[in-house]
Every structure is written in structure tokens, then in C-alpha cells.
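> Provided herewith is a single structure, encoded as C-alpha cells, for subsequent inquiry.
Laboratory data are not the source of any read-out in this text; all were calculated from the coordinates shown. Because the structure is a prediction, the values reported are computed rather than measured. Neighbour counts run over all protein chains shown; Cβ positions are idealised from the backbone, glycine included.
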């Protein structure tokens, strides 16, 4: 899985693991992406892709108004 959001483009982020002795080693955090299916507005076909949970939440908030 590519771990990149199809809507906002959010991808892996980097940083450090910090141990008790304060030694730092590199690590990555993957974006929290979920596979979702949505319907196209122009032709009504179903398309699936990966969307981050922040975009899913925003979409749900906009749709409820």
C-alpha cells in the first residue's frame, strides 16, 4: 500500500525514535489511509482509492450540512 492520500497528498512523515538514554534513531510514520469507494459525479461509476482519515472526517462533516 502506498500510504499516500489521493485527496490531499499526505504521505509518510519522518522523525526520530528517542530512547531512555536520549539516543536518536530515524523512523517514519505512515499516514492513516483507508481504502474507500466513492461514486464519480460526472458518469456515476464507482472508483476506489486511498483517503486519509482527516479527509474522510472533513467529507462527512461537509455532507451532513
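> Just from its helices, what would the mean residue ellipticity at 222 nm be for the chain, if runs of 4 or more DSSP H residues each count -39500 (n - 2.57) and the sum is divided by every residue, rounded to the nearest 500 deg cm²/dmol?
Per the formula, -5000 deg cm²/dmol.
> Gain in length, residue 48 to residue 13, computed as 0.36 nm per residue apart minus the alpha-carbon separation, to one decimal in nm?
Roughly 10.2 nm would be gained on extension.
> Between residue 25 and residue 56, what is the label-to-label distance in nm when each label sits 7 Å out along the Cα-to-Cβ direction?
3.1
> Another question about this same structure. Nearest 0.05, what FRET efficiency do residue 41 and residue 2 give at R0 = 22 Å with Cβ-Cβ as r?
Details: r = 24 Å, r/R0 = 1.11.
For residue 41 and residue 2, the calculated efficiency is 0.35.
> Can I ask one more? Take the alpha-carbon centre of region 1-24, take the same for region 26-48, and report the distance between them in whole Å.
19
> Treating the angle as unsigned and between 0 and 90°, give the value, to the nearest 10°, between the Cα long axis of helix 53-63 and the longest Cα principal axis of the chain.
Orientation of helix 53-63: about 30 degrees from the principal axis.
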